[in-house]
Amino acid sequence: MTMHGTLSILPLKVSELRFAARGTELIKGISFSLGAGTRTVIMGPNGAGKSLTLRLCHGLLKPSGGIVGWAGPDASGAVKRHAMVFQRPVMLRRTARANLIHALSVAGVPRTDRKARADAALDYFGLTDLAERPARLLSGGEQQRLAIARAWALKPQVLFLDEPTSALDPAATKAIEEMIETIHADGVKIVMTTHDLGQARRLADDVLFLHNGRLLEQSPAETFFAEPKTEEARAFIRGELLW
């Protein structure tokens, strides 16, 4: 069971996952299992396949091979129970509150509940002052906070975050990390990508390390940073370029 009283869609079991584009295999048979209760950080150099892995797990892309499997008796409906926030969030030409209400509408939330759910999300994350402002005129940090609040309003069991602070200043990054901690404390499974080693050390409970479309390591964060098993991971932690 989850905090919302429904059966959990976790663990997420990925088996021999592959993805090819224009004749090039970009994800090369990776397998892993993710359970509830931890913040999983996917790391690796540019081009490792981090964002592709998130999109494949979220169902935005169809695998060329392998399986993305969710648990539960109604696994086919699992997509309604996970949400994703992108590196550069898409904002509609409407107010911040209306962006949340639209997302709730698309998700099938009854019309009578949408405004209250949207306002609750804005209030929960301290964004009420932005409610009537045009979302596209918000700063980058404000847009990302709104995007995360919009995802949280959907009451997901799993939240995928793709480089959520990559283009933000330290103050905005701190605000986003605090949101992530809050959502994690609510019982939502966090799966995120980051290129920021400091952020991964602060947030990760476990780490998946990808390189050239392959999963080289999966381990508790403390183990990964103290005793990485592969030379590629050791070089990455040292800040060296990987090709």
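Any read-out appearing in this document is the output of simple, stated calculations on the displayed coordinates, not a laboratory observation. Quick caveat: nothing in here was measured; it's all calculated off a predicted structure. Quick reminder, even Gly has a Cβ in these numbers, built from the backbone with ideal geometry, and neighbours come from all protein chains shown.
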Q: Using just the helices of the chain, give the 222 nm mean residue ellipticity in deg cm²/dmol: DSSP H runs with n ≥ 4 each add -39,500 (n - 2.57), and the total is spread over all residues, rounded to 500.
A: -10500 deg cm²/dmol
Q. In whole Hz, what ³J(HN,Hα) sequence does the stretch 229-239 give by Karplus (6.51, -1.76, 1.60; θ = phi - 60°), x for Gly and Pro?
A. 7, 10, 5, 4, 5, 4, 5, 4, 5, 6, x
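Would you tally the net charge around LEU146, using a Cβ to Cβ cut-off of less than 10 Å, leaving LEU146 out, and scoring K and R as +1, D and E as -1? It would help to have the intermediate numbers written out before the result.
Details: positive: ARG97, ARG133, ARG145, ARG150; negative: GLU142.
Neighbourhood net charge equals +3.
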Q | Per-residue HN-Hα couplings for the stretch 13-18 [Karplus 6.51, -1.76, 1.60; θ = phi - 60°; Hz; x = Gly/Pro] | A | 10, 10, 10, 6, 5, 9
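Can you give me the Kirkwood hydrodynamic radius for the stretch 1-61, using every pair of distinct Cα atoms, in Å to one decimal? Numbers along the way, then the final one.
Working: mean 1/r = 0.0756 Å⁻¹.
Mean inverse Cα-Cα distance, inverted, gives 13.2 Å.
What number, in percent, do you get for the relative contact order of the chain if the mean sequence gap of Cα pairs under 8 Å and at least 6 apart is divided by its residue count?
27 percent
Mean Kyte-Doolittle of at least 1.6 plus a Cα span of 18 Å or more along the axis: flag which DSSP H helices in the chain meet both, please.
Length and hydropathy pass: none found.
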Q) Looking only at LEU216, LEU60, LEU197, which one moves most when the chain is put into a Gaussian network model with springs between Cα atoms under 10 Å? A) LEU60
Q.
Can you compute the equivalent ellipsoid semi-axes for the stretch 92-136, i.e. the square root of 5 times each eigenvalue of the Cα gyration tensor, sorted largest first and rounded to whole Å?
A. 17, 13, 7
Q. If only Cα atoms are counted, what is the Rg of the chain, and what is its Dmax, in Å?
A. 17.9, 55
Q. Which number comes out as Rg/Rh for the stretch 12-151 once both Rg and the Kirkwood Rh are worked out on C-alpha atoms?
A. 1.02
Q: Indicate the gyration tensor shape class of the stretch 98-194 (rounded, prolate or oblate), computed on the Cα atoms with a ≥ b ≥ c the square roots of the eigenvalues: a/c under 1.5 is rounded; otherwise a/b larger than b/c is prolate and the rest oblate.
A: oblate
Q. In a shell of Cβ-Cβ distance under 12 Å around GLU177, excluding GLU177 itself, what net charge do Lys and Arg (+1) and Asp and Glu (-1) give?
A. +2
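What relative contact order, as a whole-number percentage, does the stretch 57-166 give when Cα pairs under 8 Å and 6 or more residues apart are counted?
Numbers: 122 pairs, mean separation 46.1, N = 110.
Across the stretch 57-166, relative contact order equals 42 percent.
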Q: Could you please report the charge total around LYS50, scoring K, R as +1 and D, E as -1 over all other residues with beta-carbon less than 9 angstrom from its beta-carbon?
A: -2
Q. What is the antiparallel percent of DSSP beta bridges lying wholly in the stretch 135-243, to the nearest 5?
A. 55 percent
Q: Give the Debye-formula value of log10 I(q)/I(0) at each listed q (0.11, 0.21, 0.24 Å⁻¹), with one equal scatterer per alpha carbon of the stretch 138-222, two decimals each.
A: -0.31, -1.06, -1.29
